[in-house]
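Asks: Please read through the structure below; I'll follow up with questions.
Each reported figure results from applying straightforward, stated rules to the coordinates on display, with no laboratory input. The structure presented is a predicted model; accordingly, all values stated were derived computationally and were not measured. Please note: Cβ atoms are built from the backbone with ideal geometry, for glycine as well, and neighbour counts cover all protein chains shown.
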Amino acid sequence: MTKARYPTKAVPDRAYLVSLDLYKARKNNASESLRELHELARTAGATVVGSTTQRRPRPVSSTYIGSGKVQEVAEECRRLNANTVLLDDELTPSQQRNLEDSLGLKVIDRTALIIDIFAMGARSREGRLQVELAQMEYLLPRLAGQWNHLERLEGAIGTRGPGETQLETDRRLVRRRITKLTNDLKTVRKQRSLYRRRRRRSGIPTVALVGYTNAGKSTLMRTLSGTKTYVGDKLFATLDPLTRRVHLTKDRTILLNDTVGFIQKLPTQLVVSFRATLEELEEASLLIHVVDISHPQASIQAEIVDDTLKELGLEERPRITVLNKIDLLTDSTGEVVNSEEVARELLSHAGQPPTSICAISAETGWGLEKLRSMMAFYLENEKQD
């Protein structure tokens, strides 16, 4: 007798990427943002089968992209056998619903994609709480969109009872879950606050690694501390904060924190829900801003991190900008440069004074002794102040 077979694995995502080149935007870097979306899709386990960019002054309120582009995307998805469309921005609930109706495919925006990646990578209880809170806050305004079609129907028949009741029930359940998660995170925050208080009593200064995702923070943490930490060549390889004791000199020991990487268009839900993690930065005596200087968009990535630190009120915190991966820095011909002067020139417009920049290779160890000395110098000056 032949046993019935049922599919047990989810259908792999074959993703088609869509972005807007908003030429009237103050800061516009559509090509780099689309490249990041490709990396985000890869990190989430999707296979990218194609992409398109539409140049517009602003998004279309109903479908984000123009009607002609919607038709083009539908045709390309059929040709390439795509089953998922990824949008390089956060969509309104109505935009997402309208696109799904028009395309007949699953539509996911950049915010949902990043939250999903965070959900894959969160390991600690705090990390899981923070991700679920972000998911619930993202979901809440989209619940109404699932039932709005009832409001557009004429007459009362079919618009009373279960539909409206279910919407209110769903809203109440989600709000209740948000309240529970918020309270749980407050408890975690209190515990972390007590831990930080004990650290302060120890007199050991805290130094925090910050930077764009995949800039090499975890590799630097591993090299400086001599301990094993997870290092992955993908976006958001580190989600949970990690603290290690590091001996800078014979007489100077620090606690080094590795934190979640930043990215452009970082969802508001994640910034808010990961506030407990980012509080580690507020406690740091010194910030080490790690920049992947070999990246073609290194200066733009550094600027995004600077803007994020400003939003967190940390722009005045003492900081060393570390130009990492100098061993991978190449010139226009593709030859390896490995020059600190060239690295500084690439970041010259970032506004950092020369004394606060240090070029290194966290992978090979090049320049790390200089970095250790700079860190010790900054901390000694702060102690005297």
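Asks: Calculated FRET efficiency, Lys190 and Thr330, Cβ-Cβ r, R0 45 Å, to nearest 0.05?
Replies: Working from the Cβ atoms, E equals 0.40.
Asks: While we're on this one: With both partners inside region 14-117, how many of the DSSP beta bridges are antiparallel, as a percent to the nearest 5?
Replies: 5
Asks: Once you have the Cα-Cα distance between Glu32 and Thr47, take 0.36 nm times their residue separation minus that, and quote the gain in nm to one decimal.
Replies: Net length gain for the segment: 3.5 nm.
Asks: In nanometres, what is the gap between the two model label sites at Thr179 and Glu345, each 7 Å from Cα along Cα-to-Cβ?
Replies: 6.2
Asks: Next up: So the label point goes 7 Å from the Cα of Arg78 along Cα→C-beta, right? Which residues of region 100-117 then have their backbone N under 15 Å from it?
Replies: Answer for this model: 102-105.
Asks: To continue, here is another question. For labels at Tyr23 and Ala119 in the simple 7 Å Cα→Cβ model, what's the distance in nm?
Replies: Each label point lies 7 Å from its Cα, and together they span 3.8 nm.
Asks: Note down the nm distance, to one decimal, between modelled labels 7 Å out along Cα→Cβ at Ile300 and at Thr364.
Replies: A separation of 2.8 nm, rounded to one decimal place.
Asks: Then there is this: Whole angstrom only: what separates the Cα centroid of region 30-62 from the Cα centroid of region 69-103?
Replies: 11
Asks: Please work out the FRET efficiency for the pair Ser67 and Asp170, using the Cβ-Cβ distance as r and a Förster radius of 30 Å; give the result to the nearest 0.05.
Replies: Once rounded, the FRET efficiency stands at 0.45.
Asks: Among 314-327, 64-77, how do they line up from the highest to the lowest mean number of other beta-carbon atoms within 10 Å?
Replies: 314-327, 64-77
Asks: Provide the FRET efficiency to the nearest 0.05 for the Arg55-Ser202 pair, computing r from the beta carbons and using R0 = 51 Å.
Replies: Calculated transfer efficiency: 0.35.
Asks: Next question, about the same structure. What is the set of long-range amide H partners of Phe262 at a cut-off below 5 Å, with H atoms built 1.01 Å from backbone N?
Replies: Gly211, Tyr212, Thr213
Asks: Kindly rank 363-372, 11-20 from highest to lowest mean number of other beta carbons found within 10 Å of each residue.
Replies: Order by mean packing, descending: 11-20, 363-372.
Asks: Going by a ≥ b ≥ c, the root eigenvalues of the Cα gyration tensor, does region 14-117 fall in the rounded group (a/c under 1.5), the prolate group (a/b larger than b/c) or the oblate group?
Replies: Cα axes put region 14-117 in the rounded bin.
Asks: So, counting K/R as plus one and D/E as minus one, what does the shell of residues with Cβ under 12 Å around Ala74 add up to?
Replies: So the surrounding residues net to -2.
Asks: At a threshold of 8 angstrom on Cα-Cα distance, excluding pairs fewer than six apart, so keeping six or more, what relative contact order does region 14-117 reach in percent?
Replies: Relative contact order comes out at 34 percent.
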